[in-house]
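This report concerns only the one structure given below.
The values are calculated or read from the model by the stated rules, or taken from the named source; none is laboratory data. What you see is a predicted model, and the numbers here were worked out from it, not measured in a lab. Here Cβ is always computed from backbone atoms with ideal geometry, including for glycine, and neighbour counts include all displayed protein chains. Areas reflect the complete protein model, heavy atoms only, side chains present, ligands, DNA and RNA absent. Shrake-Rupley method; radii C 1.70, N 1.55, O 1.52, S 1.80 Å.
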Amino acid sequence: MTDSSGEAQWYFSQVKGTMEDEVNEADIISTVEFNEDGELLATGDKGGRIVIFQREQPTKSQLQQNDFNSLRTEYNVYSTFQSHEAEFDYLKSLEIEEKINKIKWLRRKNMAHFLLSTNDKTVKLWKIRERNKRAIIQSSSASSEYSHYQNHTSLMNGNITVRDDINGFIRTVSIPVVKYMDRIEVEAIPKRVFANAHTYHINSISLNSDQETFMSADDLRINLWHIEITNQSFNIVDIKPANMEELTEVITAAEFHPKECNLFVYSSSKGIIRLCDMRQSALCDSQAKIFEEREDPTTKNFFSEIISSISDVKFSHSGRYLCTRDYLHVKIWDLNMESRPVETYNVHDYLRNKLCVLYENDCIFDKFECSWSSNDDHILTGSYNNFFKSFNRNSKQELMFECSREQTKPRQQLRPKRVTSSNLSNGQANGNSSPLLNSKRNNLMNGKTNSYKDEVSVDNLDFTKKILHTSWHPKDNIIAIAATNNLYLFYNKENTNPTSSMASYISSCNSISSNSSINCFNTLSNSTFSTTPMNPESTASLQNSQNQLNQIQLNTSFYTAPSSGFTNQPNVQTQQTSSQNTTMSL
């Protein structure tokens, strides 16, 4: 859903985790990942635990009431298990943390789900399955005497009656009975353990498109594994020099191409992205392509190399583009052009004057992630003060929102935020009004309202509150944001697809008259909520169309959101069904 200025609107759905001020270190979320169809959402924390959430199914009342606002936007706890434990390497006198660095879902092939999880040293393959709950019920019956007895032994309701010839009476013995309960139990089973292959800390894992191999990357090496083989891996990248004093860069992230199983990409701390082809050689020392943006020597300083380090790299769903995140920017690269990025977005360029402070408190080394939308038209990433930003690649529009406790009401619309520099927020020293105030005054004179209702000074940012991990639903406009120990879920009304059952219900229940009114509503929506700026002569026409739109919205049988930048989405979410003939040989 968009407002009159064409801005995409996000709404609060859920928040998971405690809202206390004191945060336990083990509860801090370290990774977030949707599965392939978005029905499951997995989070890992620093305590080595993995919590899986399942998407809520629509109820009959929601199907009958056509409740699109709350339909399938919430997730409930599905399973929780301990993935990794803290270990100690006695040979190297090194403590191995249980923190979950990455989680990757495998494509579903049967009734069970499979995922890969890793800490600093070990990768594990987990099987998540459902089974009927079995309970042992102890029958409550004691020994008793009967005036008459039977000449045979009987079993009934867990009680065995046997004849005692010595004492001359029948004794009843109670035995436990195993019964199947109606409740379904979800269990996590470790199927494979891939260990003893990395000398340095693992920073990323990526599953190949063939669903048979995956790679794990540490600071200096990348290893290729087969999903069925745990005692052998192939080293495909090794940048460790013969003399460690000559080390100039480390590997920061790596990912396979979503469609070509022979291509993969990895990034380095020098801001270089290398695209490799495994068909050229077993050890990919010679890169197929090198993506690098040359820095202006006149602007180079002490922090240039630190802030140019790439913390995350992601292929688009189409496989045509690369999204990289360094400390201050998000960059979009075309695989056909290595010289420079095709798009560059400033995430928090207002922190450039505070790099000294960020270096002293080690915040300059924070690793921010980025996420693609389902149609590759939007980019999502995090910032400080629990802020996260979304970038529209079509309109070049950027919006910043906050994960806040004050905005946790159901279906509450998020208000855009803006960070101002200290000289603009406090006014100029010469007594003149700041450009920001002049902008506000001009907007009021032109009849425009300021959509940024909250402004925060850069001096008031809380650097202890940071959003490092984000994930975008693979099909719908639902985003998961990890803010310290809390998981926030937000949704966009305009393209949250209903299930196939909802679609069939709507098509069977709506009449021709309602369909005609909806078509009229969509026509007005597309004409009114255009992202192109309106000239002053069309203000009256815009207001008239808005009034008509509001009237039609009240008369329609259900709400259909106007279209905006979120396009090319399917009308009906296709739910994955497992084949009965294919099973995973694990």
- Cα shape, the stretch 9-108, gyration tensor, a/c 1.5 rule: prolate
- Which percent of Cα-Cα pairs in the stretch 226-304 sits in each 5 Å bin, short to long? 3, 12, 18, 21, 19, 13, 7, 4, 2, 1, 0
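Starting from the Cα-Cα distance between Val250 and Gln280, subtract it from 0.36 nm times their residue separation and give me the gain in nm to one decimal.
On the way: separation 30, 0.36 × 30 = 10.80 nm, distance 2.28 nm.
Roughly 8.5 nm would be gained on extension.
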- Message: If N is the number of residues in the stretch 268-425, what value comes out of its Cα radius of gyration divided by 2.2 N^0.38 Å?
- Response: 1.16
- Task: Mind ranking Glu20, Glu292 by accessible surface for me, highest first, 1.4 Å probe?
- Result: Glu20, Glu292
- Query: Between Thr464 and Asp238, what length in nm is gained on full extension when 0.36 nm per residue of separation is reduced by their alpha carbon distance?
  - Reply: 77.9 nm
- Would you mind getting me the FRET efficiency between Glu185 and Ala26? Use the beta-carbon distance for r and R0 = 22 Å, nearest 0.05. 0.30
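Arrange the residues Val237, Val342, Val51 by how much accessible surface each exposes, largest first, with a 1.4 angstrom probe.
Values: Val237 0, Val342 60, Val51 30 Å².
Reading off the accessible areas and sorting them downward yields Val342, Val51, Val237.
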- Task: Would you mind pulling out the separation of the Cα centroids of the stretch 373-414 and the stretch 99-124, in Å?
- Result: 27 Å
- To the nearest 10 square angstrom, how much accessible area does Lys465 have with a 1.4 angstrom probe? 100 Å²
- Query: At a probe size of 1.4 Å, how large is the accessible area of Cys356, to the nearest 10 Å²?
  - Reply: 80 Å²
- Query: Which value, in Å² rounded to 10, gives the accessible area of Phe88 with a 1.4 Å probe and all protein chains present?
  - Reply: 100 Å²
- Task: Express the accessible area of the stretch 233-380 per residue in Å², computed with a 1.4 Å probe while the remaining protein chains stay in the model.
- Result: 46 Å²
- Query: Roughly to the nearest percent, how much of the accessible area of the stretch 197-241 is carbon and sulfur, given a 1.4 Å probe?
  - Reply: 47 percent
